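Below is one structure, written out as structure tokens, with a few remarks after it.
The values are calculated or read from the model by the stated rules, or taken from the named source; none is laboratory data. Remember, it's a predicted structure, so these values are computed and weren't measured experimentally. Here the Cβ positions follow ideal geometry from the backbone for every residue, glycine too, while neighbour counts run over all protein chains shown.
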Amino acid sequence: MSIFNPQMRTYRSVIFKLLAYAWAAPNTALGILFGLVILGLGGKMHVVSGAAEFHGGIAGRYFASRPRPFCFGAITLGHVILGTCQKQLAALRTHEHVHVRQYERWGILFLPAYALSSLWEAIHGRCGYRNNFFERQAYAIEDHQKLHTALCAKQDKADDEYLHQPTKPL
């Protein structure tokens, strides 16, 4: 069987995906524990693009109402995203899924690396959240996708206007 066989690439990608899930599993387990608390307090859960999203209930309202820096819209732990409500999850999905990919790369090292990056930034007088290496990466990808979406919408509008112009008789 050739290494260029498409079927072999499919098997390889499945194996790599399973390894990524296993590498992130300790963080995912922590996220599931928090997710179960959210469910117990009236929240809901959906699976979106391979990540479990927990949201709402008393816990969601509590964290949404906290003053900064203790309030948040969503937080990711492995393949689990904990959000205050479904609307926030939809708005933050791209950003949070970047963190899911980061957990797949960094595995059990992600949380210590994230904390060290925040500490480094704070020691140097910068915002430990916004200047965090992992957050900068997530915001950059989120901004890129927003720009791409806006450009596609602009092109779609131009295409619609062109296609719906009255035709001139010959």
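So the values come out like this:
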| read-out | value |
| --- | --- |
| Criterion: under 18 Å from the mean Cα position of the chain (by Cα) and either among the aromatic types (Phe, Trp, Tyr) or within 23 Å of Ala24 (Cβ to Cβ) (or both) - qualifying residue of Phe63, Phe72 | Phe72 |
| For Phe54: the one exception among (1) within 26 Å of Asp143 (Cα to Cα); (2) assigned to a helix (DSSP H, G or I); (3) among the aromatic types (Phe, Trp, Tyr) | (2) |
| Filtered residue count, region 75-92, keeping only those that are modelled with pLDDT of 95 or more and within 8 Å of the chain's Cα centre (by Cα) | 2 |
| Residue count, region 107-126 (criterion: under 12 Å from Gly78 (Cβ atoms) and over 15 Å from the mean Cα position of the chain (by Cα)) | 3 |
| Subset of region 78-105 that is under 17 Å from Leu41 (Cβ atoms) and of a type outside the set (Val, Ile, Thr) - its residue that is surrounded by the fewest Cβ atoms within 10 Å (Cβ to Cβ) | Gln86 |
| Any hit, region 83-97, residues being closer than 21 Å to Ala22 by Cβ and not acidic (Asp, Glu) | yes |
| Near pairs, Cβ below 6 angstrom, 6+ apart or cross-chain, from region 117-133 (at pLDDT 90 or above and part of a loop (DSSP other than H, G, I, E, B)) to any residue that is among the hydroxyl-bearing types (Ser, Thr, Tyr) and surrounded by 14 or more Cβ atoms within 10 Å (Cβ to Cβ) | Asn132/Ser117; Asn132/Ser118 |
| Qualifying residue in region 138-153 (condition: modelled with pLDDT of 95 or more, surrounded by 12 or more Cβ atoms within 10 Å (Cβ to Cβ) and either over 18 Å from Gly31 (Cβ atoms) or of a type in the set (A, V, I, L, M, F, W, C) (or both)) | no |
| Options Val47, Val37; residue that is surrounded by 14 or more Cβ atoms within 10 Å (Cβ to Cβ) and either within 15 Å of the chain's Cα centre (by Cα) or β-branched (Val, Ile, Thr) (or both) | Val37 |
| Pairs, first farther than 17 Å from Ser49 by Cα in region 5-22, second at pLDDT below 75, C-beta under 7 Å, six or more apart | Met8/Met1 |
